[in-house]
Amino acid sequence: MEPLILIIDDDEAVCGSLRVVLRRAGFRSESVQLPAMAMDRVQELKPDLVLLDMNFTVDTSGRQGLKMLERLMDYNDKLPVILMTGWATVQLAVEGMKLGARDFLAKPWENRQLLQSIRTILSLSAAKSQAVQTTGLEHIVGEDPALQQVLEMAKQVAPTNASVLITGESGTGKELIAEAIHAESERASAPFVKVNLGGIPESLFESELFGHVKGAFTDARSDREGRFALADGGTIFLDEIGDLPLPNQVKLLRVLQEQTFEVLGSSKQQRVDVRVLSATNKNLEELVREGKFREDLLYRINLINLHLPPLRQRPADIPLLVEHFLNRLEQTYNRTGLHLAGDAREWLKRQPFPGNIRQLKNVVERTVLLSRTPELTAKDFERHLRPASGEQSKAWSPADDLTLEEMEVRAIKRALALHEHNITAAAKALGITRSALYRRLEKFGIEHAS
């Protein structure tokens, strides 16, 4: 069946034009003009892609569009979204891409460019969908006995509704384990909703988790569904639960015990059916002793505890993980034959990787982006990772490494400099098309000689 595209735009003329273009290109399409009805239509239609306008009549700043994008990502962060606006700014585009949008097009759009973007994104999403089907517990990379014991226990509890607490240092793969448990449960076809409790301000906790009605507080201009309602029938993943303030722990405990909650601004009880998976890098039992975490909440979320070992305790798995990342990066960056030199394999195994798998993945991707040959040596990796000894060490944090966006900007600037701003040659060196390079130059505001 042809892919279904949902258009969210309050301009009927725009919706009509897009429907014609999409129909002629062989796509099915539906449209919704009222922002308040958009989420209902998304949940009802389950579209393959969303075209989202950022500038509704009531708000030409683009902020309402960004809020709608956040809600779409809360519901399903794998849903492809293309942003469209008549008031395009690079800053707004970057903000939208960081929130999870796949592309950004200015109005009036060019039909060929629009359709090319849609086809490319749908093609990538289909490939990722295939990958998701192979991200169950048996496909998690690692042969370490301690890790295998964790995976075996996870496999046993996955088909149940048992609450699971996943513990371990930052970057050890707690979210990946949670996703795999959901994928192997009877709720696999229902939503998997992730909540970073450490990133929610205390004053917005109830609104974020339970939703609010219009007028519940000053900025509540429309009704909003909370994360628990979005996860109904599926799984909710409460990440960084150790960072939750005590007053909000009480509110969360009530929902977990009774499976009911009240939407902020309403006295009506709403029942919900969710499985709860939680994660933390903190010692919750120690926090209980210090009076910073409720013991009854710990018992509620900790029916089964899965503790992931840090990467330094499973060094033999490091080359396996690197090869896994390289296979994926070959497709992402259109590189072929990427492989580890023998010295790199042994050198990587000796590194502590305080940021664990997240840091390792970051280092591998940066090395691939800036390498000149498909064979990656220890020297290639050394440029992006502190040596295990010989230098004063300090705790690693993601801020110590460049973001993916910064890496991409650096790679583009380097390619332009090496090829004296010859766009064709630079694009070929980067493994992308001329048009793709031009779009990145505009996206990142990179100046180039004509």
Cα centroid separation, region 332-356 to region 151-168 (Å)
30 Å
Once Lys and Arg are counted +1 and Asp and Glu -1 for all other residues with Cβ under 12 Å from that of Asp11, the total becomes -3
Mind giving me the nanometre distance, one decimal, between the label points for Thr120 and Glu262, set 7 Å out from Cα along Cα→Cβ?
5.0 nm
Counting each DSSP H run of 4 or more residues in the chain as -39500 (n - 2.57), what helix-only mean residue ellipticity at 222 nm follows after dividing by all residues, to the nearest 500 deg cm²/dmol?
-14000 deg cm²/dmol
Cα pair count fraction exceeding 11 Å, expressed as % - region 405-444
56 percent
Sort 303-315, 248-260 for me by packing, meaning the mean count of neighbouring Cβ atoms within 10 Å per residue, highest on top.
303-315, 248-260
Relative contact order for the chain, counting Cα pairs under 8 Å that sit 6 or more residues apart, in percent:
12 percent
Charge sum, other residues only, whose C-beta stays under 9 Å from Gly233's C-beta, Lys/Arg counted +1 and Asp/Glu -1
-1
Checking the table Lys282/Lys379; Lys268/Lys292; Lys67/Lys194; Lys78/Lys174; Lys107/Lys428; Lys155/Lys194 against a 26 Å threshold on Cα-Cα, which pairs fail?
Lys282/Lys379; Lys268/Lys292; Lys107/Lys428
Return the Rg/Rh value of the chain, two decimal places, where both radii are evaluated on C-alpha atoms and Rh is the Kirkwood radius.
0.97
Rounded to the nearest 5, the percent of antiparallel DSSP beta bridges in region 168-326 equals 35 percent
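Since every read-out is calculated from the coordinates, none of them should be taken as a lab result. Model, not experiment: these values are computed from the prediction. As a convention, Cβ positions derive from the backbone with ideal geometry for all residues, glycine included, and neighbour counts pool all protein chains shown.
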